[in-house]
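The values are calculated or read from the model by the stated rules, or taken from the named source; none is laboratory data. All values reported here derive from a predicted model rather than from experimental measurement. So basically every Cβ, Gly included, is an ideal-geometry build from the backbone, and we count neighbours across all protein chains shown.
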Amino acid sequence: MNGSDDGNLSDKPLAPGSWASPITPESLVEGAVGISEAVPDGETIWWLETRPSEGGRAVLMRGGPQMPTREITPAPISVRTTVHEYGGGAWWAENGVAWYVDHADQRLYRTDTGDADTAPCALTPAPPASRAWRYAEPRPTPDGDWIVAVCERHAESGEPSNLLVAIDARCPVGGGNGDRDGGDAQVIDLVQGADFVGPARVSPDGSRLAWVEWDHPNMPWDDTRLCVADVVRDADRGIAVRDVRTLAGGDGGVSIVQPEFSPDGTLHWLSDADDAWQLYAEDEPEPVLRVDGEIGYPPWVFGLSRYAFLADGTPVAARYRDGIEHLEGFADSTAFHAIRTSGERTGVIAASFSEGPSVWLDRQCVRAAQDPGLDAAFLPPPETLTFATGEDGAAHAHALYYAPAHPDHCLDASTPAPLIVMVHGGPTSAARSQFNLAIRFWTSRGFGVVDVNYRGSSGYGRGFRKALEGRWGIADVEDCVAAARHLVALGRADPARLAIRGGSAGGFTVLCALAFHDVFTAGASLYGVADLEALAGDTHKFESRYLDGLIGPWPEAAKRYRERSPIHHLDGFDTPMIVLQGSDDRVVPPNQSRMIVAALEQRGVPVEYLEFEGEAHGFRRSDTLIRALEAELAFYRRTFDR
């Protein structure tokens, strides 16, 4: 096996938690590439690559079975939108043309590829202030004259406005020379009035526009409306919509996501009216595709695609069941992204527990997953767990458990391993069922890792997802505690070496677990929430009313906010903790981490704090990722070796 530079955690070199590992912090980012959002286009497929080694730059790529892979957007361009702050859906490609948002200015650009490539041209005008006008989910009309997109406009004060716009798809005169001062294309407001609008789709004949919208205090997985309108055109290339009507949803208790037109012009969508997100169609009261599991996924970001149609109207859809994703024809894969079709061709990004994401066009791999160069013994699949939880044990939660794994070491049945309880963000998200080298970083050293799908997680239906309503900071914490105790009871986890780690909403769960329970012996909070009252008035528009459902309406439920906030329960903290934070985080501002660290330092609780300059919500730069992981490993060494 390869050597390691991390040494041992204790004087017992073969004890779990002390194994030497070839997976170093550097190996997690050196040459690492994140692959997302694939779009098939004839005999080729486009996709997005995110490169930590280039400061997290997102690069648009194109390739095919008979076409060499090409980088379409050269440095320093980074294809990334900040609509809703989380972004996603920053580009689209069709017939050799790509439209993309440049992170530097949030403007929409067009680039034509082929034998005679043209320089990108700016379509949208420069905003009045830096990144004040943002775009997402660009889609051309069938005739190619217009781009319909989500637009978010920020003013000097007040909430930004969210609307649908139409953008002249032609490059402005003289705008195809890469001149960033161009961008005088016409931008027309199409749909406005709702607090939020989701992705819009134009029917194949160009006559109808469909979109999802919702209002505060809902999130898009709570209650949304599916709207449709007629598209009106005139001889001067103008465009507008009329006769706007609500086709589904809007009456409370139904989340509709991902509207799509099939080739014959029938509008489809995913709805959780029957608990799990299933596929519906207009004029059909029952699902037209019901799967064993759940098709949909919470749209935290734009650019998600969980189903698509072949040319004959046959739907192709992924489903989430028992913590793992499934797609017909990909028996060895366990996670799927960007399921899209172009005629009879299907593009998909597929991954498994032992291989990272790869890009496929039909059954041909166009962009293979990065090979970690590890012995297969490092990469056994996790176990799916379901366990009792709650005050009376009547509820259940789920998890993926990764046992310590190493070709040169095995577990002694009499020696339980240290355990890291991982808490996903959201909290309306889920443990991802795919290769995660960061998890193997820990298991290859002899740590067990349990990735918890607590009540509130997605993939188990609306009822399970809504079980966290009003109980954030209680039910999720109970489930993480129950997961740790479950593995301790099985003899697989050392009760003296139990760590809990999470980021964002997961960081809040970590802080609550340490403030209100005495189960864990170490904690790691990455940009976690410490003060719910401060967050309610200091976060961005997309999540500004999220806490109304998770905690209670603000400010009417102010007492409950204080009761749930770890910052007001410092007496409960006595567990060593490490806190990691980005200085430019607008989702969970740095003051959240700084407050809890300062308070714990004043009380003498062991706490370490690293704030990374220039990082936002979620770390992207390779040097940040390396330093953060090195610090966390050293922290566990010191804490568990006391």
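Look through segment 378-402, keep the residues that are outside any strand (DSSP E or B) and touching a helix residue (DSSP H, G or I) at 6+ places or on another chain (Cβ under 7 Å), and return whichever of them is farthest from residue 16 (Cα to Cα).
Looking only at segment 378-402, we keep the residues that are outside any strand (DSSP E or B), and these are 378-382, 390-394.
Among the residues that remain, those that are also touching a helix residue (DSSP H, G or I) at 6+ places or on another chain (Cβ under 7 Å) are: 378-379, 390.
Numbers: 378: 14, 379: 16, 390: 30 Å.
Restricting to residues being outside any strand (DSSP E or B) and touching a helix residue (DSSP H, G or I) at 6+ places or on another chain (Cβ under 7 Å), the top hit is 390.
Which ones in segment 369-389 are small (Gly, Ala, Ser) and either touching a Leu at 6+ places or on another chain (Cβ under 8 Å) or at pLDDT below 95 (or both)?
Narrowing segment 369-389 to residues small (Gly, Ala, Ser): 369, 373, 376-377, 388.
Correct list: 369, 373.
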Under the condition of being touching a helix residue (DSSP H, G or I) at 6+ places or on another chain (Cβ under 9 Å) and crowded, with 20+ Cβ neighbours inside 10 Å, which residue from segment 221-272 is farthest from residue 142 (Cα to Cα)? 222
Matching residues, segment 559-569, being in contact with a helix residue (DSSP H, G or I) (Cβ under 9 Å, 6 or more places away or on another chain) and exposed (fewer than 15 other Cβ atoms within 10 Å of the Cβ): 562
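Restricting attention to segment 334-362, which residues are in a loop (DSSP other than H, G, I, E, B) and out of contact with any Phe, Trp or Tyr (no Cβ under 9 Å at 6 or more places or on another chain)? Let's see the steps before the verdict.
So in segment 334-362, the residues in a loop (DSSP other than H, G, I, E, B) come out as 334, 343-344, 352-357, 362.
If the condition is that a residue be in a loop (DSSP other than H, G, I, E, B) and out of contact with any Phe, Trp or Tyr (no Cβ under 9 Å at 6 or more places or on another chain), then 343, 344, 362 are the ones that fit.
Let me confirm something: among 478, 469, 533, which residue is part of a loop (DSSP other than H, G, I, E, B) and either acidic (Asp, Glu) or on the phi < 0 side of the Ramachandran plot (or both)? Even if it seems obvious, please write down each step before you answer.
On the way: 478 fails: part of a loop (DSSP other than H, G, I, E, B); 533 fails: part of a loop (DSSP other than H, G, I, E, B).
Matching residue, one of 478, 469, 533: 469.
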If residue 486 satisfies every condition in (1) buried (at least 24 other Cβ atoms within 10 Å of the Cβ); (2) modelled with pLDDT of 95 or more but one, which is the exception? (1)
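Rundown of residues vs (1) within 23 Å of the chain's Cα centre (by Cα); (2) under 24 Å from residue 190 (Cβ atoms); (3) of a type in the set (Phe, Trp, Tyr), yes/no style:
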{"residue": "232", "(1), (2), (3)": "no, yes, no"}
{"residue": "269", "(1), (2), (3)": "yes, yes, yes"}
{"residue": "272", "(1), (2), (3)": "yes, no, no"}
{"residue": "288", "(1), (2), (3)": "no, no, no"}
{"residue": "295", "(1), (2), (3)": "yes, no, no"}
{"residue": "305", "(1), (2), (3)": "yes, yes, no"}
Scan of segment 406-424 for residues that are surrounded by fewer than 23 Cβ atoms within 10 Å (Cβ to Cβ) and either assigned to a loop (DSSP other than H, G, I, E, B) or among the charged types (D, E, K, R) (or both), ordered by number: 407, 408, 410, 411, 412, 413, 414, 415, 416
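Quick check on residue 526: is it more than 24 Å from the chain's Cα centre (by Cα) and buried (at least 23 other Cβ atoms within 10 Å of the Cβ)?
On the way: more than 24 Å from the chain's Cα centre (by Cα): no; buried (at least 23 other Cβ atoms within 10 Å of the Cβ): yes.
Against the criterion (more than 24 Å from the chain's Cα centre (by Cα) and buried (at least 23 other Cβ atoms within 10 Å of the Cβ)), residue 526 does not qualify.
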Which members of segment 1-54 meet the condition of being closer than 30 Å to residue 414 by Cα, aliphatic (A, V, I, L, M) and modelled with pLDDT of 90 or more? 20, 23
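Which residues, counting only those in segment 504-558, are among the acidic types (Asp, Glu) and in contact with a helix residue (DSSP H, G or I) (Cβ under 8 Å, 6 or more places away or on another chain)? It would help to see each step written out before you state the result.
Our first condition is that a residue be among the acidic types (Asp, Glu); within segment 504-558, this holds for 518, 531, 533, 538, 543, 548, 556.
531, 533, 538, listed by residue number.
Which members of segment 541-554 meet the condition of being under 20 Å from the mean Cα position of the chain (by Cα) and hydrophobic (A, V, I, L, M, F, W, C)? Can you show your working first?
Going residue by residue through segment 541-554, those that are under 20 Å from the mean Cα position of the chain (by Cα) are 541-547, 550.
Scanning segment 541-554 gives 542, 547, 550.
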Yes or no: residue 538 over 23 Å from residue 621 (Cα atoms), among the charged types (D, E, K, R) and within 22 Å of the chain's Cα centre (by Cα)? yes
With the requirement that a residue be surrounded by fewer than 22 Cβ atoms within 10 Å (Cβ to Cβ) and among the hydrophobic types (A, V, I, L, M, F, W, C), what does segment 328-352 give you? 330, 331
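Residues in segment 344-357: is at least one within 30 Å of residue 550 (Cα to Cα) and among the charged types (D, E, K, R)?
First, pick out the residues of segment 344-357 that are within 30 Å of residue 550 (Cα to Cα): none.
Checking segment 344-357: not a single residue is within 30 Å of residue 550 (Cα to Cα) and among the charged types (D, E, K, R).
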Positions within segment 437-451 being of a type in the set (Val, Ile, Thr), assigned to a helix (DSSP H, G or I) and under 14 Å from residue 502 (Cβ atoms), in sequence order: 439
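For segment 302-314, which positions are surrounded by fewer than 19 Cβ atoms within 10 Å (Cβ to Cβ) and in contact (Cβ under 8 Å) with a residue 12 or more places away in the chain? Don't jump to the end; show me each part of the working.
Of all residues in segment 302-314, those surrounded by fewer than 19 Cβ atoms within 10 Å (Cβ to Cβ) come to 310-314.
Scanning segment 302-314 gives 310, 311, 312, 313.
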